[in-house]
Amino acid sequence: MALPSIYDKVVIDQLIERINQLNSNTPPTWGKMSVGQMLAHCNVTYEMIYDNKHTKPNGLVKLMLKLFVKNKVINEQIYPKDAQTAPAFIINETKNFDAEKKILIDNLHKVQASGDVFFDGRESHSFGPLNKTEWNNMMYKHLDHHLRQFGV
């Protein structure tokens with residue numbers, strides 16, 4: 001079964017509606033992150049796509065990621081609650097809930113406006129070129145995982 005399309009305005013609106021159900025005190029149902037940290041964690045995905053502010057893995061690390069991680073990230077299976085977090089996505093410092101929420105919503109609008117053509121064949125930070133479906137699966141299921149983590 002295909003995952004909902006993050007390029008579709010209706011899907012983006014549904015994700016934003018879920019995000020809007022959060023507040024700065026929403027507790028996680030699993031894991032250690034606060035809701036502000038979770039939003040910042042989710043924003044890393046879009047920083048890697050649009051901002052080029054994270055160091056790309058070297059050749060050997062990228063090969064290992066392609067061989068052992070890529071399929072788990074781009075397939076349609078939801079992440080388990082205990083899924084391991086890549087170092088670039090670990091957020092240890094306190095984050096401003098309202099600021100991170102606004103950034104995430106802006107990022108979702110940017111993805112939808114960019115459309116699937118922008119993503120089809122685009123180079124992933126860690127996995128090399130991905131097609132539009134692989135990008136969709138990676139972005140949608142990551143955000144869905146964390147929204148479920150916080151009960152929305």
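Read-outs throughout are calculated quantities, based only on the coordinates presented, and are distinct from any laboratory measurement. Everything numeric in this text was worked out from a predicted model, so none of it was measured. No Cβ is skipped: glycine too gets one built from the backbone with ideal geometry, and neighbour counts run over all protein chains shown.
If packing is taken as the average number of other Cβ atoms within 10 Å across a peptide's residues, how do 69-81, 37-49 rank, most packed first?
Values: 69-81: 13.6, 37-49: 20.8.
Result, highest mean Cβ count within 10 Å first: 37-49, 69-81.
Per the helix-only calculation at 222 nm, which mean residue ellipticity applies to the chain, given -39500 (n - 2.57) for every DSSP H run of n ≥ 4 and division by its residues, nearest 500 deg cm²/dmol?
Here the helix-only value at 222 nm equals -16500 deg cm²/dmol.
Taking the highest mean first, how do the peptides 139-146, 110-117 order by number of other beta carbon atoms within 10 angstrom per residue? Before the final figure, lay out the partial values.
Numbers: 139-146: 19.4, 110-117: 15.1.
Per-residue Cβ counts within 10 Å, averaged per peptide and sorted highest first, yield 139-146, 110-117.
The protection proxy used here, the mean number of other Cβ atoms lying within 10 Å of each residue, ranks peptides 55-61, 86-92 as follows, highest first: 86-92, 55-61. Region 1-71 and region 128-152 have Cα centres separated by 6 Å. Sequentially through region 136-152, phi angles give Karplus couplings (6.51, -1.76, 1.60; θ = phi - 60°) of 4, 4, 4, 6, 5, 6, 5, 5, 4, 4, 6, 5, 5, 4, 9, x, 10 Hz, Gly and Pro residues having no value and appearing as x. Going 7 Å from the Cα of ASN75 toward and past its Cβ, which residues in region 1-44 have a backbone nitrogen under 13 Å from where you end up? Only 1 fall inside the zone, counting backbone N under 13 Å. Taking the alpha-carbon distance from LYS95 and a cut-off under 21 Å, which lysines remain once sequence neighbours fewer than 8 residues away in the same chain are dropped? Partners found: LYS32, LYS53. A cut-off of 5 Å between modelled amide H atoms, ignoring neighbours fewer than 5 places along the same chain, links SER124 with LEU130.
Within straight-line reach of LYS66, meaning a Cα separation under 16 Å, sit the following lysines at least 8 residues removed in sequence or on another chain: LYS56. Measuring nothing but how far apart in sequence close Cα pairs (under 8 Å, 6+ apart) lie, relative to its length, region 9-149 scores a relative contact order of 38 percent.
Here LYS9 is the anchor, and the aspartates and glutamates within straight C-alpha reach of less than 17 Å, apart from those fewer than 8 places off in the same chain, are GLU17, ASP106, ASP116, ASP144.
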